[in-house]
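Trainee: Next up is a structure, given as structure tokens.
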Amino acid sequence: MLRSYLHIFLLKCRYFFNRNYFDKDLVKDPVFLIVNQFRNLVEQHFKEIHLVKEYADLLNDTPAHLNKIVKSITGVNAGEFIIKRIILEAKRLLIYTDLSNKEISFKMNYDDPSYFSRLFRKKVGLSPSDFRHQMKQKYQQ
């Protein structure tokens, strides 16, 4: 219940931030609109779609152009943006569920759990099991 209230609170904060502090001219910029559409698509499809080319096809753009404009707005290329979202969800599942690493890998649409573990270790610096163990120790105290 507390998690739900926190989620609602954060959504309200985001709404007020966007309404009050967003640069109105930036919103009209076509580059910003494409990046915003990309962010929304990633949020909706990150479990199923992992390739920049597929997102570029959905946006009727080229992967190279999508990478360039996403990097200009967010500071990371489109592929890295997708991976960050996948890793964030994997972290959430590791902390809040009892799913195994293999189950999480399949849930994130990776057929090879060892590849997913290597990707997770490369991005986080810990294996999924070590991350779960460290978070459980950290938040039990």
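Trainee: Do we find that LEU33 is assigned to a helix (DSSP H, G or I), closer than 22 Å to ILE87 by Cα, modelled with pLDDT under 90 and more than 17 Å from the chain's Cα centre (by Cα) in this structure? If you could, list the steps in order and put the result at the bottom.
Mentor: Numbers: assigned to a helix (DSSP H, G or I): yes; closer than 22 Å to ILE87 by Cα: no; modelled with pLDDT under 90: yes; more than 17 Å from the chain's Cα centre (by Cα): yes.
The answer is no for LEU33.
Trainee: Just to be sure before I move on: is PHE116 among the aromatic types (Phe, Trp, Tyr), surrounded by 13 or more Cβ atoms within 10 Å (Cβ to Cβ) and touching a residue at least 40 places away in the same chain (Cβ under 8 Å) in the structure I sent? Talk me through it step by step, then tell me what you get.
Mentor: Details: among the aromatic types (Phe, Trp, Tyr): yes; surrounded by 13 or more Cβ atoms within 10 Å (Cβ to Cβ): yes; touching a residue at least 40 places away in the same chain (Cβ under 8 Å): no.
The answer is no for PHE116.
Trainee: What's the number of the condition LEU94 fails, among (1) assigned to a loop (DSSP other than H, G, I, E, B); (2) surrounded by 15 or more Cβ atoms within 10 Å (Cβ to Cβ)?
Mentor: (1)
Trainee: Take PHE81 and decide whether it is touching a residue at least 40 places away in the same chain (Cβ under 8 Å) and crowded, with 16+ Cβ neighbours inside 10 Å. Lay out the reasoning, then the answer.
Mentor: Details: touching a residue at least 40 places away in the same chain (Cβ under 8 Å): yes; crowded, with 16+ Cβ neighbours inside 10 Å: yes.
Taking the combined requirement at face value, the residue satisfies it.
Trainee: While we're looking at this one, here's another question. Would you be able to say whether some residue in the range 73-86 is out of contact with any His (no Cβ under 8 Å at 6 or more places or on another chain) and under 24 Å from TYR139 (Cα atoms)?
Mentor: Yes, because at least one residue in the range 73-86 is out of contact with any His (no Cβ under 8 Å at 6 or more places or on another chain) and under 24 Å from TYR139 (Cα atoms).
Trainee: I've got another one for you. Considering every residue within the range 47-64, establish whether at least one is closer than 24 Å to MET135 by Cβ, free of Cβ contacts under 8 Å to residues at least 24 places away in the same chain, surrounded by 10 or more Cβ atoms within 10 Å (Cβ to Cβ) and in contact with a helix residue (DSSP H, G or I) (Cβ under 6 Å, 6 or more places away or on another chain).
Mentor: no
The values are calculated or read from the model by the stated rules, or taken from the named source; none is laboratory data. As the structure is a computational prediction, the values presented were derived from the model and not from experiment. Note that we place each Cβ from the backbone using ideal geometry, even for glycine, and neighbour counts take in every protein chain shown.
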